[in-house]
Amino acid sequence: MSFDDALDAVRDVEGWMTEEQLRRLWDAAAGVPPGGTIVEIGSFRGRSAIVLARAAEPDTRVVAIDPHAGSDRGPGEIAADTERGAADNAAFHANLATAGVADRIEHVRTTSSAAHASVEGEIDLLHIDGAHRYAPARDDIAGWGERVRPGGRMLIHDAFSAIGVTGAQLRLLAISDSFRYLGRSGSLAEYRRGPLQGTDRARNTLRQLAQLPWFARNVLVKLLLTLRLRRAARVLGAEGWPY
């Protein structure tokens, strides 16, 4: 299957992943060796999970972890909502079936902190797009990140954009000696697990700190949009909520 086919499959699936970000996910998933494991934390209605499953080798395990509790869905939708969560869950499974990947994705309907026992062994590709508050983002990066195999990839959505996620990144990854920053597509940051020492580690830190002006711009855009100052947000090049 091609990326264009995958893009067509998710064109009407609700979500916040841009085409450029989906391409980065596709490339990462396509690089997972046969028999490997892909884990996604936070699947919402399946937009990114479908792309991951379509890109992966047929015998690659794809696990989507999402409690579908109606919480942490997007701006202003933080609290749990049973009815909203049930709708998300139904839409998720319907979208997987329509895209032809229902038998390729294992849905673990619980929180990421409670899902570790559902995934055995090392992870080849980890995509984190769960709760964006600092504590859960920190726990996902730390707890699930340590399960990524050497040479494996970790991608984090709303990186250098959401305050909680960025705070967790700065604490755990900015001076990390085991995760190399590879770049970003919008707010989707990519890391590769591997040892870092000396000047190499220092350069890795500087490359991440260089994203902070972009982070500050995103925070300002969100503030302006919250205050309904859309014209001011457009001056910063934003037509909507930055992802």
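Taken together, the values in this text are just the output of simple stated rules run on the coordinates, not laboratory data. Quick caveat: nothing in here was measured; it's all calculated off a predicted structure. Virtual Cβ from ideal backbone geometry, glycine too; neighbours counted across all protein chains shown.
Before moving on, here are some points about what is shown:
- Dipole-positive endmost among Leu7, Leu227, Ala30 within the chain (Cβ charges, Cα centre): Leu227
- Debye intensity ratio I(q)/I(0), log10, segment 11-73, q values 0.28 Å⁻¹ (C-alpha model): -1.23
- Efficiency of FRET from Cβ geometry, Glu19 and Leu236, R₀ 22 Å, rounded to 0.05: 0.55
- If you take all other residues with their beta carbon under 13 Å from the beta carbon of Ser161, and give Lys and Arg +1 and Asp and Glu -1, the sum is +1.
- Residue by residue, segment 228-234 carries 3J(HN,Hα) couplings of 6, 9, 5, 5, 5, 5, 5 Hz when phi is fed to the Karplus relation 6.51 cos²θ - 1.76 cosθ + 1.60 (θ = phi - 60°); x denotes Gly or Pro.
- Phi-derived couplings, Karplus 6.51 cos²θ - 1.76 cosθ + 1.60 at θ = phi - 60°, listed residue by residue for segment 176-181: 5, 9, 9, 10, 8, 6 Hz, with x used for Gly and Pro.
- Neighbourhood charge, 14 Å Cβ-Cβ cut-off, centred on Asn89 and excluding it, Lys, Arg +1 and Asp, Glu -1: -1
- With a simple spin-label model that places each label point 7 Å from the Cα along the Cα-to-Cβ direction, the separation between Thr205 and Ala86 comes to 5.2 nm.
- All-pairs alpha carbon distance profile, the chain, 5 Å steps from 0, percent: 1, 7, 14, 18, 20, 18, 13, 7, 3, 1, 0
- FRET efficiency estimate (nearest 0.05) - Cβ-Cβ, Arg133 to Ile175, R0 22 angstrom: 0.50
- Rounded if a/c under 1.5, otherwise prolate or oblate - segment 59-166, Cα gyration tensor axes: oblate
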